[in-house]
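The structure appears right after this line, and notes come after that.
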Amino acid sequence: MTSLGEFVDGVGERNATQIDEAARAIAATAAAGGLVRPTGAGHSLAAVLETFFRAGGLAFVRPIWHPRILPLTGAAAATSAEREVGLGAEAARAAGIEAIDTVIVFSNSGTNPFPVEVAEAGQAAGATVIAVTSRRSNEAAPRRAAHRLIDVADIVIDTAVPPGDATWPPEAPVTAPVSSLATNTVWTLVLRRVYELAPEAPRWRSANVPGNDEVNRELSARFAERIPEL
């Protein structure tokens, strides 16, 4: 990989159909009064943060997470936690996933129990489960859960991130991970398509633009009971 621009464009082009399907699922969730339920562990939490309480982002989003998987609370411990059988299932039970929801699982390798268990719980609840992951990494990573993420998701958006994530130098990559770049690209394209399908869906506005605080306060009041993280 030599061009980040080509990589970003490729993620969108290869997944055009799947991005449209994901956007349609989210638009249906909006129409039904459901919630978008993003999840991830480790550095995939960066993608989850992009979906939540974000200027220009959807307001009906409630992440599924657990404090033990946050690297800032202890990096090595967080890695161990996402490999722990049962923690993802516990977080999913506490989340109260409903059939009208859309669950989005961000996970580059897609083989650790936490993201896989959340995806399984979403399927069991009847929700649409979207995986934003790398098929190459799923196939190369050690199997730590009963299934791979790509095997339990309804929609798979393949980022094609190489195993290990590093991309530079091309002949022997050791740095420049691109999974966060890929997931942000995917989510941005999904948001564009959701707007085309559901332009009136509630969206946050930037708190640093005059006049937007009142809009955001109204949205917070509207969703606070169902999204206590607000």
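Take segment 80-139 and flag every residue that is in contact with a Ser or Thr (Cβ under 6 Å, 6 or more places away or on another chain) and among the polar types (S, T, N, Q).
Correct list: 102, 107, 108, 109, 128, 133, 134, 137.
For segment 186-222, which residues satisfy the criterion of being assigned to a helix (DSSP H, G or I), touching a Leu at 6+ places or on another chain (Cβ under 8 Å) and buried (at least 17 other Cβ atoms within 10 Å of the Cβ)?
Across segment 186-222, the qualifying residues are 191, 194.
Here is a list of conditions, (1) open to solvent by 20 Å² or more (accessible area, probe 1.4 Å); (2) modelled with pLDDT under 95; (3) at negative phi, and residue 137 meets all of them except one; can you say which number that is?
(1)
Determine if segment 76-94 includes at least one residue that is within 25 Å of residue 27 (Cβ to Cβ) and crowded, with 17+ Cβ neighbours inside 10 Å.
The answer is yes; a qualifying residue exists.
Do we find that residue 106 is in contact (Cβ under 8 Å) with a residue 40 or more places away in the chain, within 30 Å of residue 208 (Cβ to Cβ) and buried (at least 24 other Cβ atoms within 10 Å of the Cβ) in this structure?
Considered against the rule, which asks whether it is in contact (Cβ under 8 Å) with a residue 40 or more places away in the chain, within 30 Å of residue 208 (Cβ to Cβ) and buried (at least 24 other Cβ atoms within 10 Å of the Cβ), residue 106 comes out as yes.
Considering each residue of segment 50-75, count those that are open to solvent by less than 50 Å² (accessible area, probe 1.4 Å) and on the phi > 0 side of the Ramachandran plot, and give that number.
Number satisfying all stated conditions: 2.
If residue 77 satisfies all but one of (1) touching a residue at least 40 places away in the same chain (Cβ under 8 Å); (2) closer than 27 Å to residue 176 by Cα, what's the number of the condition it fails?
Against the list (1) touching a residue at least 40 places away in the same chain (Cβ under 8 Å); (2) closer than 27 Å to residue 176 by Cα, residue 77 comes up short only on (1).
So which residues in segment 140-184 are part of a helix (DSSP H, G or I), under 16 Å from the mean Cα position of the chain (by Cα) and surrounded by fewer than 22 Cβ atoms within 10 Å (Cβ to Cβ), if there are any at all?
150, 180, 181, 184
Considering only residues that are within 28 Å of residue 4 (Cα to Cα) and of a type in the set (S, T, N, Q), which ones fall in segment 124-174?
Passing the criteria: 133, 134, 137, 138, 159, 167.
Do we have any residue at all in segment 19-32 that's in contact with a Pro (Cβ under 9 Å, 6 or more places away or on another chain) and of a type outside the set (Gly, Ala, Ser)?
no
The values are calculated or read from the model by the stated rules, or taken from the named source; none is laboratory data. Note that the coordinates shown come from a computational prediction; the quantities given were computed from them, not determined experimentally. Neighbour counts run over all protein chains shown; Cβ positions are idealised from the backbone, glycine included. Surface areas here come from the heavy atoms of the whole protein model, side chains and all, with no ligands, DNA or RNA. Shrake-Rupley method; radii C 1.70, N 1.55, O 1.52, S 1.80 Å.
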